[in-house]
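**Student:** I have a structure I would like to understand better, so I am pasting it below and will then ask my questions one at a time.
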Amino acid sequence: MDEKIKLTETEWRVRLTPEQYRILREKGTERAFTGKYESFFEPGLYRCAACGQPLFESATKYHSGSGWPSFYAPIEPDAVEEHGDHSAFMVRTEITCSRCGSHLGHVFEDGPQPTGLRYCINSAALTFESTPERQKPDS
């Protein structure tokens with residue numbers, strides 16, 4: 001992945017919307033079923049809204065019913081970092097962007113195969129880049 005990005009909190013506030021700052025830099029969350037990508041299933045690439053690093057491909061996105069965009073795998077294993085999270089009286093695994101350290105969401109072990117994981121990500125932590133659908137080869 002790309003070189004680490006380090007900005008001051010003032011620089012992050014200028015770069016991000018107030019909602020993005022609250023989620024990405026202050027480890028907030030959006031309310032379930034309110035994010036723009038929760039029910040969005042176009043072919044493309046999801047990037048970190050803070051630094052633009054590629055995080056997830058639409059091919060790994062699925063409808064989990066959790067209220068947040070869900071993926072079963074990141075685009076590359078080193079695109080995200082995992083951290084123990086003991087906030088809100090729960091034990092969870094926080095996911096951050098490996099390039100800028102921004103909070104993306106959490107990963108749970110109740111996802112579909114092939115990984116069995118559910119990367120539960122805030123829509124405000126993502127930007128979407130549309131890509132053409134891959135053509136299936138003729139049989």
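**Student:** Identify the residue in region 38-55 that is touching an Asp or Glu at 6+ places or on another chain (Cβ under 8 Å) and assigned to a strand (DSSP E or B) and, among all such residues, is surrounded by the most Cβ atoms within 10 Å (Cβ to Cβ).
**Tutor:** So, considering only residues that are touching an Asp or Glu at 6+ places or on another chain (Cβ under 8 Å) and assigned to a strand (DSSP E or B), the one surrounded by the most Cβ atoms within 10 Å (Cβ to Cβ) is TYR46.
**Student:** A follow-up question, please. Among the residues that make up region 92-108, is at least one of them on the phi < 0 side of the Ramachandran plot, at pLDDT below 95 and part of a loop (DSSP other than H, G, I, E, B)?
**Tutor:** no
**Student:** Test of understanding: among GLU19, GLU9, which residue is modelled with pLDDT under 95, farther than 25 Å from THR131 by Cα and in contact with a helix residue (DSSP H, G or I) (Cβ under 8 Å, 6 or more places away or on another chain)?
**Tutor:** GLU9
**Student:** Among the listed residues ILE23, ILE75, which satisfies the condition of being closer than 25 Å to THR115 by Cα and crowded, with 17+ Cβ neighbours inside 10 Å?
**Tutor:** Answer to the selection: ILE75.
**Student:** Being farther than 16 Å from ASP110 by Cα and either in a loop (DSSP other than H, G, I, E, B) or in contact with a Phe, Trp or Tyr (Cβ under 6 Å, 6 or more places away or on another chain) (or both) is the filter here; which residues of region 56-89 pass it?
**Tutor:** PHE56, ILE75, GLU76, HIS86, SER87, ALA88, PHE89
To keep it simple, each residue is scored yes or no on (1) among the hydroxyl-bearing types (Ser, Thr, Tyr); (2) closer than 16 Å to LEU45 by Cβ; (3) touching a strand residue (DSSP E or B) at 6+ places or on another chain (Cβ under 6 Å).
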site: PRO74; (1), (2), (3): no, yes, yes
site: HIS86; (1), (2), (3): no, no, no
site: PHE89; (1), (2), (3): no, no, no
site: THR96; (1), (2), (3): yes, no, yes
site: CYS100; (1), (2), (3): no, no, no
site: PRO114; (1), (2), (3): no, no, no
site: ASN122; (1), (2), (3): no, no, yes
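**Student:** In region 11-25, how many are part of a loop (DSSP other than H, G, I, E, B) and either hydroxyl-bearing (Ser, Thr, Tyr) or free of Cβ contacts under 8 Å to residues at least 12 places away in the same chain (or both)?
**Tutor:** Within region 11-25, residues that are part of a loop (DSSP other than H, G, I, E, B) and either hydroxyl-bearing (Ser, Thr, Tyr) or free of Cβ contacts under 8 Å to residues at least 12 places away in the same chain (or both) number 1.
The values are calculated or read from the model by the stated rules, or taken from the named source; none is laboratory data. Note that the structure is predicted; figures quoted are calculated from it, not measured. Glycine also receives a Cβ, built like all others from the backbone with ideal geometry; neighbour counts cover every protein chain displayed.
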